[in-house]
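This report concerns only the one structure given below.
The values are calculated or read from the model by the stated rules, or taken from the named source; none is laboratory data. Only a predicted model underlies this, so the values are computations on that prediction, with no experimental measurement involved. A quick note on method: Cβ atoms are made from the backbone with ideal geometry, for glycine too, and the neighbour counts reach across all protein chains shown. Accessible surface areas use protein heavy atoms only, side chains included; no ligands, DNA or RNA. Shrake-Rupley method; radii C 1.70, N 1.55, O 1.52, S 1.80 Å.
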Amino acid sequence: MLLTTACSAIQSSTTSPTNSSELFSLADGMSVDPEEFEYAYQKNNFNNDKANTKKDIEEYLDLYIIFKQKVQEAKSLGKDTTNEFLTEFNSYKESLANSYINSNDLTEKLIKEAYDRYREEISAAHILIRTINDEDTLTAYHKIDSIRQLVLKGDDFTELAKVYSEDPSAAKNGGDLGYFTSMRMVYPFESAAYNTPVGEVSQVVRTKFGYHILFIKDRRSSQGKISASHIMIRTTPKDNAEKQEIARNKIFEIHDQLNNGVEWNQLCKQFSDDNNTKNKAGKLAPFGSGQMPPSFSQAAFDLQEKGQFSDPITTPFGWHIVKLDEIVPIESYGKMKPQIKNHISRDERVAITQKALVTKLKSQNGFLNLSKGSSSLNKLDSTLLIGKWEYNTSPEDSLPLFKINSTVYTSRQAYEYMVKKQKSVRGKSIKSYANQIYNKYLEESLIQYEKDHLAEKNVEYRMLVKEYWEGILLFNLMNEKVWEKAVKDTLGLQAYFTNNQNKYNWESRLNASIYDASSEAILAEISTMIDKQDTVSLESESLLNKYNSTSGLSLKVEEEYFENDDHEILKLIKWENGIQKVSHQGRFYLINVLEVIASQPKKLKECKGIVIADYQEVLEKDWVKILKEKYPANINKRVWNQTLSKLEN
């Protein structure tokens, strides 16, 4: 999008004096320093075999000047002041800043821990005692600890869970959780499970649900994932009995043909109802236990040898035959890292990283506590606990609470924050809830300060923000001046098409019907219908109802205009009117050619998408000529030569 139309900017640009540190400037004030150009060049030519040659760098400068001329035009039109632009840009900037200020060292450690745990599955049972408010936590702790002492003395964990656990399912399953791995349970619970040996009971662990103890039954290596393919015949429980029976018969016929040696790929392409995979031999993304419907997962994991396929099985989506392609070992740390990182950002581990981040930001930004925090917020009362506290300003509210570098934060700001963030809570005292909100205010103030000053500290962040700011501007303007304009300018599009008609032609085509059958007998009957001109019987729906009533594989009909590459069978016949029969890969074909159509010009409606793309290219070239005249580039030859020397191999 950014660099699309090459021109000779270097040769055609004027060379009047510019700022001594600028690489080039445009009329109306935009300038680019060498650091920005070098960053853009290196980033966009990372995998370019021709990169760092004089010719390539000069060509890139041409393109970069055009890019900046487009951005300058967008600015002059006020595109950077619209609500739509500001909303999209600020959202991106916020997201980007978050990625730069997070505590990467600790996050890396937590990702590695999660990966190591993922390689092992734990079988455990637990007993839960719930906590509702601040006052009952001590009682709940003593209760769970007393149960733990009973387990240590030899009482049966399962029976204790049935009697005492406040997990609703425990009465039936004795607290049994089955096998699980990392990122399946809340983090404190997960850690207790992995840190407790098999056959032992854990220490008491606190989660957002209450207090738990765990009994570890077993540990085993993770089963990993498998890569599999499937052929699907779609049906749902809502289908009537007749439809379900047809689907069942069809999948079993396909299974019989597989057993008789017909190729999987051929049957999948012809008959599978999964449009996302049928042309890819039914290939599915690798999956593990629990990621597919149980019957599908069981059938897949029961397969032992590559190429082995299952008996037909049902899921809520229909009937399937599953083929094992490969047993996939657990992915490497590098491949799983993004997935784990995303999960960590949404679970309780984020609190650990957030705490570390706050500590780091305090140290880096000269944080100084000027009061006792929330204890100095003396206007709070019990209405805070129901989310209805009202703030009345007074002069003493300007008292400082803390300082970040030279910026002072006052109690007034904290009060205003509390008004916005308060909500009804249960089980908390005024002091504990006030501390909770105040600590959140302190945390957010530190983070926002860092975001506001991040561009001063980090060159890459500053460049990315500018890059995205310009990218959104350019996208919106390109849409208006080129992409959308080409679609809406019907007269201009028609004129362009008329003047370039010789570029848009049909190859030779056949107006034909192709009948793909499982037996020659079916084709013989269809041939007789054609001879008798029995148009009613030859209707596709009538033929399919007749021949596919007992087998969905008996007949397939295609009727349209075909070019040579549209169907592989057309390469096996003579291009002439009349009926021809061929066999191919165990199937029988009758091709009824009604007309052979010589190469001829296309109509606009027959190639509109391609014409629009070509017209867009013309519109952009014409627009770039105007921009080059409107915003001529002034290149500082001295700085350019230095930059060129630095980038060349």
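General observations
- Test for Glu135: is it crowded, with 18+ Cβ neighbours inside 10 Å, more than 23 Å from the chain's Cα centre (by Cα), at pLDDT below 90 and within 30 Å of Glu159 (Cα to Cα): no
- Enumeration of residues in region 209-265 that are in contact (Cβ under 8 Å) with a residue 12 or more places away in the chain and of a type in the set (D, E, K, R): Lys217, Asp218, Arg219, Arg220, Lys225, Arg234, Arg248, Lys250, Glu253, Glu263
- Looking across region 571-586 at every residue that is in contact with a strand residue (DSSP E or B) (Cβ under 6 Å, 6 or more places away or on another chain) and touching a residue at least 40 places away in the same chain (Cβ under 8 Å), the one that is nearest to Ser508 (Cα to Cα) is identified as Trp575.
- Cβ-Cβ under 6 Å pairs, at least 6 apart or on other chains, region 23-46 side open to solvent by less than 50 Å² (accessible area, probe 1.4 Å), far side part of a helix (DSSP H, G or I) and of a type in the set (A, V, I, L, M, F, W, C): Leu23/Phe37; Leu23/Val639; Pro34/Val639
- Meets criteria (within 25 Å of Ile340 (Cα to Cα) and among the β-branched types (Val, Ile, Thr)) for Thr207: yes
- If you go through region 618-649 and keep only what is open to solvent by 90 Å² or more (accessible area, probe 1.4 Å) and touching a Pro at 6+ places or on another chain (Cβ under 9 Å), you end up with Gln642, Lys646.
- Evaluating Asn577 against the criteria (1) open to solvent by less than 90 Å² (accessible area, probe 1.4 Å); (2) out of contact with any helix residue (DSSP H, G or I) (no Cβ under 7 Å at 6 or more places or on another chain) leaves one unmet condition, (1).
Here is a yes/no grid of residues against (1) touching a residue at least 24 places away in the same chain (Cβ under 8 Å); (2) of a type in the set (S, T, N, Q); (3) more than 21 Å from Glu331 (Cβ to Cβ):
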| position | (1), (2), (3) |
| --- | --- |
| Ser272 | yes, yes, yes |
| Ala281 | yes, no, yes |
| Gly288 | yes, no, no |
| Pro293 | yes, no, yes |
| Ser297 | no, yes, no |
| Asp302 | no, no, yes |
| Glu305 | no, no, yes |
| Ser310 | no, yes, yes |
| Ile313 | no, no, yes |
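- Within this structure, Gly178 fails the test of being of a type in the set (Gly, Ala, Ser) and in contact with a Pro (Cβ under 7 Å, 6 or more places away or on another chain).
- Selection status of Asp311, assigned to a loop (DSSP other than H, G, I, E, B) and either within 30 Å of Leu555 (Cα to Cα) or open to solvent by less than 80 Å² (accessible area, probe 1.4 Å) (or both): yes
Here's the yes/no breakdown for (1) at pLDDT 90 or above; (2) out of contact with any Cys (no Cβ under 7 Å at 6 or more places or on another chain); (3) over 23 Å from Arg119 (Cβ atoms); (4) open to solvent by less than 50 Å² (accessible area, probe 1.4 Å):
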site: Lys278; (1), (2), (3), (4): yes, no, yes, yes
site: Ala281; (1), (2), (3), (4): yes, no, yes, yes
site: Pro286; (1), (2), (3), (4): no, yes, no, no
site: Gln291; (1), (2), (3), (4): no, yes, no, no
site: Glu326; (1), (2), (3), (4): yes, yes, no, no
site: Pro329; (1), (2), (3), (4): no, yes, no, no
site: Gln364; (1), (2), (3), (4): yes, yes, yes, no
site: Leu370; (1), (2), (3), (4): no, yes, yes, no
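The rows are residues; the columns are (1) in contact with a Gly (Cβ under 9 Å, 6 or more places away or on another chain); (2) exposed (fewer than 12 other Cβ atoms within 10 Å of the Cβ); (3) not acidic (Asp, Glu).
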| position | (1), (2), (3) |
| --- | --- |
| Gln72 | yes, no, yes |
| Lys79 | no, no, yes |
| Phe85 | no, no, yes |
| Ser91 | no, yes, yes |
| Glu94 | no, yes, no |
| Tyr100 | no, no, yes |
| Asp105 | no, yes, no |
| Lys109 | no, no, yes |
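- Of the helices (runs of 4 or more DSSP H) lying entirely inside region 407-520, those containing at least 3 residues that are surrounded by 15 or more Cβ atoms within 10 Å (Cβ to Cβ) and modelled with pLDDT of 90 or more span 411-421, 430-457, 459-478, 490-499.
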